[in-house]
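**Student:** Okay, handing you the structure first.
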Amino acid sequence: MIESSPSPNGTVSPAEKPSLSYKNWREKFVMPLLYGMLALGIFVLIPALSSAENPLIRAFFVTAYISTGIVTAIRFSYTIRISVFLFSVYTLGLGELLRYGILGDGTFFFLGMIIFAALLLSPRASIISTAVTMLTLTLSAGLVTTGIMQPIDPQAPIARPEDWFTATAITILFGAVVILGFQRLENALLETEKQIADNLNTIRDE
């Protein structure tokens, strides 16, 4: 666990402690999250591999699970662990998008990536995740609506251009809400901890 060096006058720096406290909370939260994802993922992976007849989709599922397992078992830095986890969630979303199109569960995984990026990294990471999702949906919409690419599953419902537009717009809307919400929440938590640190320093100086 990282520890901040004390200030020269022996007081706690309000600018140091809040960011350190928030970082420690996230690092304590990520390991139970990864263990839980692996435990639940094994029950999802087996039927998913059985139902996915396309080798590409199977590769997406296996890659996502193995990548998450590697960063859980081996001690990587926090940023690498979360980045790989987010990439795994994106891989699952992309697999569902290629398999069923916009009417499948792909947008659910993309929204999950945006939320986890805001919660476990920063609002800036959530903005990047939203941009990546927008680019993915826009390119997919262009390829599908022009007939260049079709969903892998032949039984997948045919999506109209307005379906792609609606799903993309909703994803952007929810992404913006998540980004602004977590940004305000983080600022409120940091401000509260700064006030607590100031009060403790005032009491200590008396």
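The values are calculated or read from the model by the stated rules, or taken from the named source; none is laboratory data. Keep in mind it's a predicted model, so treat the numbers as computed, not measured. Glycine gets a Cβ as well: all are built from the backbone with ideal geometry, and neighbour counts include every protein chain shown. Quick note on the areas: whole protein, heavy atoms, side chains included, nothing else; ligands and nucleic acids left out. Shrake-Rupley method; radii C 1.70, N 1.55, O 1.52, S 1.80 Å.
**Student:** Might you let me know whether segment 181-197 holds any residue that is open to solvent by less than 90 Å² (accessible area, probe 1.4 Å) and modelled with pLDDT of 85 or more?
**Tutor:** Among the residues of segment 181-197, at least one is open to solvent by less than 90 Å² (accessible area, probe 1.4 Å) and modelled with pLDDT of 85 or more, which makes the answer yes.
**Student:** A further question on this structure: Here are the criteria: (1) in contact with a Phe, Trp or Tyr (Cβ under 9 Å, 6 or more places away or on another chain); (2) closer than 14 Å to T171 by Cβ; (3) not aliphatic (A, V, I, L, M). Tell me which single one G112 does not satisfy.
**Tutor:** Looking at each condition in turn, G112 falls short on (1).
**Student:** Report those helices (runs of 4 or more DSSP H) wholly inside segment 29-145 carrying at least 3 residues which are under 22 Å from A167 (Cβ atoms) and in contact (Cβ under 8 Å) with a residue 60 or more places away in the chain.
**Tutor:** 106-120
**Student:** Quick check on this structure: which one of R81, R58, R75 is open to solvent by 80 Å² or more (accessible area, probe 1.4 Å), modelled with pLDDT of 85 or more and of a type in the set (D, E, K, R)?
**Tutor:** Answer to the check: R75.
**Student:** Just need a number here: residues in segment 41-89 that are of a type outside the set (A, V, I, L, M, F, W, C) and over 23 Å from L120 (Cα atoms).
**Tutor:** 7
**Student:** Being open to solvent by 40 Å² or more (accessible area, probe 1.4 Å) and within 10 Å of the chain's Cα centre (by Cα) is the filter here, so list the residues in segment 85-120 that pass it.
**Tutor:** F87, Y90, F109, L111, I115, F116
**Student:** Can you name the residue in segment 146-167 that is assigned to a helix (DSSP H, G or I), touching a residue at least 60 places away in the same chain (Cβ under 8 Å) and not acidic (D, E) and is also farthest from L98 (Cα to Cα) among such residues?
**Tutor:** Applying the filter and picking the extreme gives A167.
**Student:** I've got another one for you. Are any of the residues in segment 152-167 surrounded by 15 or more Cβ atoms within 10 Å (Cβ to Cβ) and hydroxyl-bearing (S, T, Y)?
**Tutor:** The answer is no, given that none of the residues of segment 152-167 is surrounded by 15 or more Cβ atoms within 10 Å (Cβ to Cβ) and hydroxyl-bearing (S, T, Y).
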